[in-house]
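The values are calculated or read from the model by the stated rules, or taken from the named source; none is laboratory data. Bear in mind that the values here come from a model prediction, so they are computed numbers and not experimental data. Using ideal geometry, Cβ is built from the backbone for each residue, glycine included, and neighbour counts are taken over all protein chains shown.
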Protein chains: 2
Amino acid sequence: MRRCDVQETSGLNLSQLDATEEFGILLLRAAAVRPSSYDLRDQLSGRVWPLVRRVEPGGSGTLTVDHDRHSFHAPAACASHEPPAGCRVLQHAFRRYQALFFPHHADVESLSLLQEDMIHALNSSLRRLRKHRADDRQQGRLISTASATDVEVKDLAAPLDLGVNESYELAVSIQGQMTVSAQTVWGALRGLETLSQLVEYNFTAESYAIHEIPFRIQDSPSFPHRGLLVDSARHFLPPIRLKRTIEAMSFAKLNVLHWHLTEDESFSMPSSSHPELAEKGAWSADERYTIRDVQDVVEFAQLHGVRVVPEFDMPGHVSSWSKSHPELFEQACLERSRRLAFKPTKDVFDFLQGLLAEWTTSTFHDQFLHLGSDEVPFECWKGLSISEGGKTYSTPTQLFQHFVKNMFSRAHGQLNRSVIFWDEAFVSARAELPAEAVIQVWRDKATLSRAVQAGHRALLSWGWYLDHLDEDWRGMYDNDPVAEVPEDKKEKVLGGEGCMWGETVDGSDQAPTMWPRLAAIAERLWSSPASSSAAAESRLNAFRCLLLRRGVAAAPTQVSGRRAPIGPGSCEQPGGPGLAA
Amino acid sequence: MRRCDVQETSGLNLSQLDATEEFGILLLRAAAVRPSSYDLRDQLSGRVWPLVRRVEPGGSGTLTVDHDRHSFHAPAACASHEPPAGCRVLQHAFRRYQALFFPHHADVESLSLLQEDMIHALNSSLRRLRKHRADDRQQGRLISTASATDVEVKDLAAPLDLGVNESYELAVSIQGQMTVSAQTVWGALRGLETLSQLVEYNFTAESYAIHEIPFRIQDSPSFPHRGLLVDSARHFLPPIRLKRTIEAMSFAKLNVLHWHLTEDESFSMPSSSHPELAEKGAWSADERYTIRDVQDVVEFAQLHGVRVVPEFDMPGHVSSWSKSHPELFEQACLERSRRLAFKPTKDVFDFLQGLLAEWTTSTFHDQFLHLGSDEVPFECWKGLSISEGGKTYSTPTQLFQHFVKNMFSRAHGQLNRSVIFWDEAFVSARAELPAEAVIQVWRDKATLSRAVQAGHRALLSWGWYLDHLDEDWRGMYDNDPVAEVPEDKKEKVLGGEGCMWGETVDGSDQAPTMWPRLAAIAERLWSSPASSSAAAESRLNAFRCLLLRRGVAAAPTQVSGRRAPIGPGSCEQPGGPGLAA
C-alpha cells in the first residue's frame, strides 16, 4: 500500500491523512466513488476548476505570496548527481508555474529598457503594499507571507501510464508554508495547477495572495483517462497548435491526447521505413509532420502530464494510404469506391504491423494504441472472399472480424500494446474480440453498458462530440459516464474523451470550438460532481476568464460553438452592461 | 544623405546599390512611389508577404542552411563593453528567428528524454541528406551550405519613431553568405522576417534550404505608419493576447499598435496618481492592466519593431470615467444621457493633462498620442454654455472646437506629443484645428483627400474596419490610401490602420477575425502593389499557412469573418478534396 509522503506542517494537524491514505490507484479506478465533502458554497474549492475532492478546514487568514522571492523547492533527491526522471518534469513545471502564479510579473527580463520607470513602480508598489497590510492589521485579519512552495514527491520515477497515482495534497499553513505532496510527479503537477488557481492578484495592493488560510486540499481524479481527441487529418494542425492545446489541457487536469493521425483526407504521419506514405498521402507538401515534430509533441505532452495515444484508423478511413500503397486494397475497391478499406489479408497485416512497430518504437511510447475500426465502407469488400489458416471469410462482418482479430493480436501480442477500438469493433466484431480490448463508445450510452458488462474496459465519447456545434457545455457537463452502468462494472469505465473532429475546424478556430465545453467534460471526469451544470455556470465563467488570461481562446459560455460574444458583456459579468446610467 | 552600410559580398557585385542608396526616409514618406521591379511571376518575391520592392538577379542554385550550426552574427559594435541600444533588439530577434528559420528544430532542449531515438533519427537524416545532395550534384544543380546570417546595421541607436528607416538589403551569395544590411535595427528586423519566409524545409532531405540563389533583395515600406487598432475596452484583451497580436503583426511587417484603451464600457488603464479610475471604471475587478502589464506590452512591441500609440478617447466614449470622477461631467448630462461627454472646462482639461503627463512618462514613450474625438454625444451638452478667457461657447460645435483646441495645445505644447484625432476633429472642429494634428479617417476617402489638402497628415481606416464581418480581404487589399489624393499631397498620407473594434470580438475570436484580412492591409501599406487582390490570392493562402504554422489563428481566405473552414480543403490547396478517386 503506497501513501503520500506528507510532512507534518506546523500549525496544521495532518494526521487525518491516514484516513484517506488510500486515495490513489484504487480510488482512481473506482469511478463510482463520489467526492465526499466539497461544497459549491465553499469559496475556496469553488475557485478551482475542476472541483477538488476535499477541503479542510478553510480559515479566514490571508497569505501574501512574495513574487520577487518566490521559488519552488524540489524533493531532496533532485539535488543528487543523477536525479530521478521525474525531477526534470518538476523543473519544467516550476518554470511554467512561476509565470502562472504571478502573471503580472512574468517577463522580468524584458523590462530592462524601462528600468528607471520600473524602479519607480516597484517603490510605489511597496508603499501601497505596506499601507494595505497596515489596513489588514487594523482590521484584525491574519496576514502571513510566503516565499516558497515545497513540493514533496514519494516516487520520482513513476511513469505516466493509465492509472498512475495523480492524487495530491495541498496544504497552506497559518505560518505561510505552501506544500504540495504527492505520490508521483504527475500528482504534483495537478497540485501545482490547483495552487496556481488559488493565487490571486490584488490590483490595489499590487501583490499576490492566497485567501482563507490555513487550509488543506486533498484531491484525486474520479477517472484515470480524461482525454481529448484531436484530428490532424481532416485539417492539418501544426505542432504549435497541438502544444497550445496540450498546455490548455493541463490547466483543466486532462491527461490524454488522443491523436487521430491518419484519415481518408490526408496522411501526415512520418515513417522512416515508408516515407512515401506521407510524401504522397499528405494533403499538401508542407502539411505533414517530421518524426522530430511528433517526438517533440509527445515530449511536450509528457512534461505537462499528458499521455499521447495515437490512432491509426483502419481498416476504413484509409483512402490516403492508397496514394502510395494501392496494393493494400482490392483492385475492385480502388476502382469502385470513393472511400476505401484495407484488404484483410496476411500481407496487409504484416505491412501494418511493421509500421506500428516502427511508430511505437520511435515516437509513441504510451502503453495504449488506438486502431480505429469505425465506419468501415463495406461496399469496398463487396464480393470479396479471403481464405487464411484453413478458414474462409466472405461476408463483410466475417472480413471485419478477421481484420480486428488479427490486428488486435499483432498489436497486443507482438507489440505489447493495449488496444483501443471504436465501438464498431464491439458491435460488429464482438465474437472475435478479446476482453482486453478497450472500447471507445460514440453511438449511445447503452453500448457503453453492454461493453463493460461483456468484460471490456471502456471510454465514453457519446455526448462529447465537440464538432457538434449546436450542443452546449451544459449537456456535456451533465453527461455522467457511469450513470447507466451497473455498480459492479463502474470501475471498467476508464473515463472518456471530448472529440474535436476536424471537418469543421482548423488551426484558426479549434480552440474556441473546444473551450470552454472541454472544461465541462474535464470537471465531469476529474470531479464526478454530484451537482449539475446549473451549479457550475458562474464557476465555468471564471475558469473561462482564467483560460483567456493564459492565452487560450475559450469562447463565451453563453454560446456553444463559434459566435461573437453577446453584447458588451465580458467574461466575469455576463449580465448587464457597463455603461453609466 | 544616409546610406546603407553594405559590405562587398564575394560572388555578388553590389555596386548597383549606389543607384538606390536613397531608399530610406525619403522613399518611406513618398507614398506615391510604386515598387519598381517586382514581378508576381517571380517565384522568389512571390514567396514573401508582403511583396518586396526589388529582387535581383535570382539564380538557380540552392543553399542548404545548416540548422545545427546556424548562428546570427551581430555588428561588431555589439561586442563592445557598452553596446548600443539596438543590440538588445537584435539579440532578441536572433533568438526568435532561429526558431522561425528552423521550425522543425525549435525545441532541442525538450528532446533529451528521447535522446536515443533522436540519435537514430539524426543519423537517418544525415544519410538522406547525403543522398539528396548526391542527387543534386548528378543533376548539375548548384548547392552551397550556409551556417550563418550576417546582420549589418549602420545606426544601432536609431529610435523606433515614425519614419525611421526600415529599408534593408538581403543578399544571398553563391558561396552561401546570407547578409541582411540595414540602416537601423528596425530595418534589420524586416530583413530577418523576409529571410525567414525564404527558408524552406525539405521533408525528403530533412533539411532547410533557400532556393534561386544568388539573389539580392532591396526592400523598403511604401508608408511609414502601418497599423492595427485593438480595442481592449469593449472586451478586455489580456496582455498575452496583445503580445501574440504584436508578434503576428511583425510577421506582416506592420509597425504600429494603436491601443484603444478607454471607452464607455470599461476603464482598464492603470494610473498611479488616480488608481480609482480603473478600480471603479473597469468592467470587472480583474479585467484591467497593471502599469507593469502596459510597460511589458510596450516593451514587447518595441522588440518586435512595433510602436504603441495609445488612444484615450475624449470627450465622448468616456462613460466609464464617471464611475470615479463624476465631476468631469455636467450634472444634467449624468442625469439625462446614456453616453456621456466631458465638460469642456479648464478644470477638466487640467485633470486630463495631468493624467496624460503621467501616462506618457511612465508607460507610453511614443511621439504620438491619440485623443479620439469621435462620436461625441452632443445631447450631453444640451443647454450648456461655457465662458473661458473672455469667450463664450454655447453650441455643440463651439464646445467641441473648444475641447479639441485645448487638449491639442496641452498634449502638443505642454507634453510635446504629436496628436492624432479621428476625423470628427477635422470635419467639425476644423476652424480651431492646427495643421500639425494628424487626422485618422474612418468616414470616407473624400475626407482623407480634404484633410491632406488642408495641410494635415492623415491615416486611412475607411475600408479597413475588421469588425465589419462581411467584408472580405479583397476589398481591403484593393483599398489604396492614395488613389484619390492629389500627387503633391500623397506624402501627407502616413499610411493607415486596420481597426479591430471590440464589440464583436474578445480574446476567443480576435485572431481569426483579424487574420488574414489584416495581412491584405499590411501588403497594401508595405508594398503598394500595382496589382490587385486577384493576383494575390494564392500568395495570401500561403501566408495564411505560414501564420498557422507559427501559431496565429488566421481564418481561411475564402471567408471574411468567422466561419468553419469550407469542405476538407486546407490552407495550401483550397480547391479539391484529397480523397482517392
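Per the listing A:328, A:303, A:334, the residue uniquely among the aliphatic types (A, V, I, L, M) and under 30 Å from residue A:166 (Cα atoms) is A:303.
On inspection, residue B:274 fails the criterion of being touching a residue at least 24 places away in the same chain (Cβ under 8 Å), more than 10 Å from chain A (Cβ to nearest Cβ) and in contact with a Leu (Cβ under 6 Å, 6 or more places away or on another chain). Among the candidates B:544, B:539, B:524, the residue that is in contact with a helix residue (DSSP H, G or I) (Cβ under 8 Å, 6 or more places away or on another chain), among the charged types (D, E, K, R) and over 30 Å from residue A:243 (Cβ atoms) is uniquely B:524. Considering (1) surrounded by fewer than 23 Cβ atoms within 10 Å (Cβ to Cβ); (2) modelled with pLDDT under 95; (3) more than 8 Å from chain B (Cβ to nearest Cβ), the lone condition that residue A:204 does not fulfil carries the number (3).
Can you work out which of the residues in segment B:483-514 that are out of contact with any Ser or Thr (no Cβ under 8 Å at 6 or more places or on another chain) and part of a loop (DSSP other than H, G, I, E, B) is farthest from the other protein chains (Cβ to nearest Cβ)? Among residues in segment B:483-514 that are out of contact with any Ser or Thr (no Cβ under 8 Å at 6 or more places or on another chain) and part of a loop (DSSP other than H, G, I, E, B), the one farthest from the other protein chains (Cβ to nearest Cβ) is B:483.
Taking each residue of segment B:186-210 that is farther than 16 Å from residue B:221 by Cα and of a type in the set (A, V, I, L, M) and looking for partners that are in a helix (DSSP H, G or I) and modelled with pLDDT of 95 or more with beta-carbon atoms closer than 7 Å, six or more apart or interchain, yields B:210/B:198.
Scanning segment B:247-278 for residues that are in contact with a Ser or Thr (Cβ under 7 Å, 6 or more places away or on another chain) and among the acidic types (Asp, Glu) yields B:263, B:264, B:265, B:276.
With respect to residue A:339, determine if the residue is closer than 19 Å to residue A:397 by Cα, among the basic types (Lys, Arg) and in contact with a helix residue (DSSP H, G or I) (Cβ under 6 Å, 6 or more places away or on another chain). In short, yes.
Table: residues versus (1) surrounded by fewer than 24 Cβ atoms within 10 Å (Cβ to Cβ); (2) away from every other protein chain (no Cβ under 14 Å); (3) not charged (D, E, K, R).
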| position | (1), (2), (3) |
| --- | --- |
| A:164 | yes, yes, yes |
| A:172 | no, yes, yes |
| A:190 | no, yes, no |
| A:200 | yes, no, no |
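Taking each residue of segment B:430-458 that is over 18 Å from residue B:483 (Cβ atoms) and looking for partners that are modelled with pLDDT of 95 or more and among the basic types (Lys, Arg) with beta-carbon atoms closer than 6 Å, six or more apart or interchain, yields B:432/B:405; B:438/B:457. When the residues of segment A:248-271 are filtered to those that are within 12 Å of chain B (Cβ to nearest Cβ) and touching a His at 6+ places or on another chain (Cβ under 6 Å), the one that is surrounded by the most Cβ atoms within 10 Å (Cβ to Cβ) is A:263.
Residues that are at pLDDT below 90 and outside any helix (DSSP H, G or I) within segment B:73-127 comprise B:106, B:107, listed in sequence order. Name every residue in segment B:227-256 that is under 26 Å from residue B:283 (Cα atoms) and acidic (Asp, Glu), in order of residue number. Once the filter is applied, which keeps residues that are under 26 Å from residue B:283 (Cα atoms) and acidic (Asp, Glu), segment B:227-256 yields only B:231. The set of residues in segment A:278-302 being crowded, with 24+ Cβ neighbours inside 10 Å, among the hydrophobic types (A, V, I, L, M, F, W, C) and at the interface with chain B (Cβ under 7 Å from one of its Cβ atoms) consists of A:283, A:291.
In segment A:326-337, of all residues being within 17 Å of residue A:262 (Cβ to Cβ) and within 11 Å of chain B (Cβ to nearest Cβ), the one that is surrounded by the fewest Cβ atoms within 10 Å (Cβ to Cβ) corresponds to A:326. Among the residues here, residue A:373 does not qualify as within 26 Å of the chain's Cα centre (by Cα), within 14 Å of another protein chain (Cβ to nearest Cβ) and either of a type in the set (Gly, Ala, Ser) or buried (at least 20 other Cβ atoms within 10 Å of the Cβ) (or both).
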